[in-house]
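The values are calculated or read from the model by the stated rules, or taken from the named source; none is laboratory data. Every value quoted in this text rests on a predicted model; they were computed, and no experiment measured them. Quick reminder, even Gly has a Cβ in these numbers, built from the backbone with ideal geometry, and neighbours come from all protein chains shown. What goes into the accessible areas is simple: the full protein's heavy atoms, side chains included, and nothing from ligands, DNA or RNA. Shrake-Rupley method; radii C 1.70, N 1.55, O 1.52, S 1.80 Å.
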Amino acid sequence: MNFIKKKGKSWIEETFFRRECIKFIPSSWDQHRCIPVCQVCQSLIRCCCGRLMGEHSWQECCPPTSLYPSPGQGMEEEWSMEAHTRAIPTDAYGIVDFQDTATRVCRAKYVRVGMDSKPEALLQLMLREWQMERPKLLLTVHGGSENFILPPKVKQAFSKGLITAAISTGAWILTDGINTGVSKYVGEAVKLFGGHNLRKRNTIGITPWGMIDNNMDLIGRDVFRPYQPLGNPLSKRACLNGFHSHFLLVDDGTLGKPGGQQGLRRKLEKHIQLLKIHPRLNQGVPALCVVVEGGPAIVSTVLDYVSNVPPVPVFVFEGSGKAADLIAFLHKQTANDRQLDADIKEDFLGRIGDVFGVEGTEAAHLYTLLQQCMDHRHSITIFDSESDEQMATDAAILSSVLKGTKASPSEQLSMALAWDRADVAQKDILVYGQHWQVGSLEQAMLDSLVMDRVSFVKLLIDNGMTMSRFLTVDRLEELYNSPRCQTRRFLQHLVEDAKQTSLPIGYRLSLIDMGLVIEYLIGGAYRSTYTRKNFRAAYSRMQDKDSRCDSSGSFSKQRQRMSLNNGRSQQDLHFFRTAQPYKSKDQTVSTRTSHQVGLSPGLGGALLPCPFNFNDLFVWAVLQQRQQMALFLWQHGEEALARAIVGCKLYRSMAFEVRQSNMDDIIAERFKAYSIEFGQLAVDVLDCAFQQNEQMAMKLLTSEMEAWSHFTCLQLAVSSCHRAFVSHSCTQTLLTDLWTGPLNMRKNSFLKIILSLLLPPAILLLEFKSKAEMCHVPQSHETMLFGRESAKSPPVPEGSNQMDSLDAERGLPFYNKTLCCASETVSTVFVQCLSWITKLYDFYTAPVVKFWFHTMSYLGFLMLFSYVILVKMEDQPSVKEWLVIAYIISTAIEKTREVLMSEPRKLRQKLKIWFSEYWNISDFVAILLFLAGLLMRLHGDPYRTAGRTAYCLDIIFWFVRVLDLLAVNQHAGPYITMITKMTTNMFFIVVMMAIVLLSFGVSRKSILSPDQEPSWSLARDVVFQPYWMIFGEVYAGEIDPE
């Protein structure tokens, strides 16, 4: 326990006090008449506080010498806590360990407090010192204090329903805390259905200190006390119940007198109701009085609760006995008529007298109290556990809270949201005919997302909530700035890394910042919607209007219109551009124009991109590390496959950032597990689609998605290093078709391609795929212009229809005989020529043919380059050297085109992405070195010699480039990959060997050459000979010349 020490005392001792009687007032005036007071008087006569004279402390006053009243004092002086007790710092607080629970560890925190303690201090004790979770519901249980027997069905319903409602909502349960009566049943319910976590078992016993058996065992400051809850059967006092988690032991200065805690308990309940049910919600903590059995005092208690403003609902278990049954009976009898019939009233009065054992006057008084309770019958719920139509007890308890508090529908929804009980909201709140204030459901959706209530988000969506109307810039930014400390700090770190700057304290994240984070995590040429030019312009206009309209308060309405209800013109299409990723410039411009949203009047005519949808919420859930919410949002909207891959990529990148930042490994492992989960979802979706329709599944992989920076699913999977996805049969089949193009070859394909490259007429002998077989492969614009259907069927002359052509063989009149013969001759020749041209075009544009053509030309280039540097170099470049120069310069132009035509708009980003590939770096160095050698080679000696040397070094890079060509081969490729990884892993081994080599070389050289002068050769000698000694060369001749 964490107690704040001050001046040698704990905060508890300075705040809470116990009560001690300081004046002996006999409880009976028929005392032993002796002066001074003898031992008999001291052992028999008790004070009104319940203690004997010897049990009093006489530190501040002397004990009485006579039990007679003093002169001028009446015979009946009334004892009171305020007048006859004093406040002393509490001497009992700590942890109590109950000894009779062998099956589980039962410990509770306790403190002895005065009856006049402030409820604010008690709440501070429970929330700060005891670290209890803030309550979302207060269940105060009242009933019989003596032992009684509950029917089995009532006991089961009470035990399971109470604990289920408390655990599911995070409620506090208040009882008397003793091991008798209804408190004992609550303890048994906690034992059967409660958890083992002490912080989750928020069962608080508010018990009179004087009624506790063996209470002296609990005295001690910040102590750990064992407690045996086995009291004396003949004693009027009771033991503490071992299954409560916390105890407030209320001391009013009396001993053995019950009821002293009720005043403090009621004040504490009212103060708890002033707390917020959740930091985000303005709703207070609702309370519910649960009644089980009970005596006459329970009737007054129920009346006090239901007549309070606002009323506290009462939940009565019918069949539990005594007061509960009387309330249930009168509640049912007065359902239609508030007054009972004369005969029923007479029987009911007799029943009251029999149940409580009171006379007619007292029974009439209790009947009056019961009738007053019925005036607030809407706040009383009767639960009949014997009824078959009765709902579950926990649902009935929560429903009674909602109905009995007279709260508005939005306030009731806030309660259910704080409890995370969507079933209660669906049954009692979101019902037909309910009237809602404008914006209340949108606010509930926002609260559900921030509080991570997946079931409520689903419920609101099922009831008609649409993301395109709900999501605005304000709300999306509020979601990203939700107060989750660890998540918010991590997002700020990502923003700092993406912007390459540090953020000030209290910085509010914007959508543009999150767009930079998304681009930073996905990498490559990906561009987020939030960072595009049109969105930035609209966002800037919005910020300007915010500063102008802030004083008038009208900007909130204007920003809500940023959701833009127009929607996408082709939102219902599954594929944005299926199998046609390349478009002409005018088509691209028109497509972008058609997908922009119209002018927004609230933004001064700013054009915005498509309205927010489930994709934006899904990315938010991933970045906020809300896995269950992300999985739910993944199921809604379009492009589920792309979202699964994006989730996999984002989590993988976040795990990498966590490891790079030296954060907790547990966080990195959690991100890795989330990434694997989304990766498996992507594979499952692809597998399901491939089994249903192979062609459409492959189209799904190559369709460009406007919402994801015009990336394809295949591109996202490759950038995510999702090996399971890339190795799937669908992906491999598609890659094979993309690789071979229109060529239909199965065996000895490379021999046929090489032969066709060497002998072009052999192309006409190859087999090509039909248009149907190539429908799932993306085609370039030039390929679409060739249109293979024209090569498959002859053209139909103008003025004829299809039926005329089909009927030609039947002899139907449609053309002149002469014209028909001429047309058929021309058509046959035209089709044949077009077929040859189409085959040539298809062959030379196939990726596999391009690869082999490039490989053969590259090998020819290497042979020509090798010849150039092996033979004598003339003053002027020869024809062969000019061919090499032309090849390398054309390669440099091609690399420049690659950089300029890449997706990023900024040149810096283009270069960054291009240089991220190892072979691009190698090509850049090789081209730069060759151009430097060429410039030196065109001059005379000694520059020509230096240029030739540059040629000789440059050819190393071009030969190493052959490894990239070999990586395509299914046999050589894995070896190259293994060697690459092994080289990376060997780096640290080489570093360790270098350390050993230098330590030996320096000491060896310093011993053998003590008089060495400073020179650069000294550094060479340190390493040269020790390096060769590793391989067995020990230089024995230098060590011992003889």
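Structure data summary
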quantity: Pairs beyond 22 Å (Cα-Cα), from Lys191/Lys276; Lys118/Lys276; Lys427/Lys458; calculated: Lys191/Lys276
quantity: Proximal lysine pairs, region 859-915, alpha carbons under 19 Å, eight or more residues apart or interchain; calculated: 4
quantity: In nm, spacing of pseudo-spin labels at Val309 and Gln500 (7 Å Cα→C-beta vector); calculated: 6.6
quantity: Cβ-based net charge around Arg377, under 15 Å, with every Lys or Arg adding one and every Asp or Glu removing one; calculated: +1
quantity: Cut-off under 5 Å, modelled amide H: who pairs with Thr85 long-range; calculated: Ile22
quantity: Rounded percent of accessible protein surface that carbon and sulfur make up, region 249-314, 1.4 Å probe; calculated: 59
quantity: Set Lys184/Lys403; Lys136/Lys403; Lys699/Lys771 screened for pairs whose C-alpha atoms are more than 20 Å apart; calculated: Lys184/Lys403
quantity: Table column - 3J(HN,Hα) (Hz), region 630-641, Karplus curve with 6.51, -1.76, 1.60, x for Gly and Pro; calculated: 5, 5, 5, 5, 4, 6, 10, x, 9, 6, 5, 5
quantity: In order through region 889-897: 3J(HN,Hα) via Karplus (6.51 cos²θ - 1.76 cosθ + 1.60), integer Hz, x for Gly, Pro; calculated: 5, 5, 5, 5, 5, 5, 5, 5, 5
quantity: Val358 versus Glu903: modelled label distance in nm, points set 7 Å from Cα along the beta carbon direction; calculated: 8.0
quantity: Summed residue charge, Cβ within 12 Å of Leu268's Cβ, Lys/Arg positive, Asp/Glu negative; calculated: +3
quantity: Gyration tensor (alpha-carbon) shape descriptor, region 629-768, a/c threshold 1.5; calculated: prolate
quantity: Sites matching chymotrypsin sites (Phe, Trp or Tyr not before Pro) across region 424-518 that sit in DSSP coil, with at most 16 neighbouring C-beta atoms within 10 Å; calculated: Tyr432, Trp436, Tyr507
quantity: Length added when fully stretched, Val431-Thr736, from 0.36 nm per residue minus Cα-Cα; calculated: 104.3 nm
quantity: Range of Cα positions in region 889-1042 per principal axis (Å), largest first; calculated: 68, 47, 32
quantity: Local net charge near Asp304, Cβ-Cβ under 15 Å (Lys/Arg +1, Asp/Glu -1); calculated: +2
quantity: Exposure of Leu460 as accessible area (Å², to 10), given a probe of 1.4 Å and all protein chains; calculated: 10
quantity: Cα→Cβ-extended label distance, 7 Å offset, between Gln390 and Leu928, nm; calculated: 8.4
quantity: Alpha carbon centroid spacing (whole Å) that separates region 492-511 from region 320-355; calculated: 68
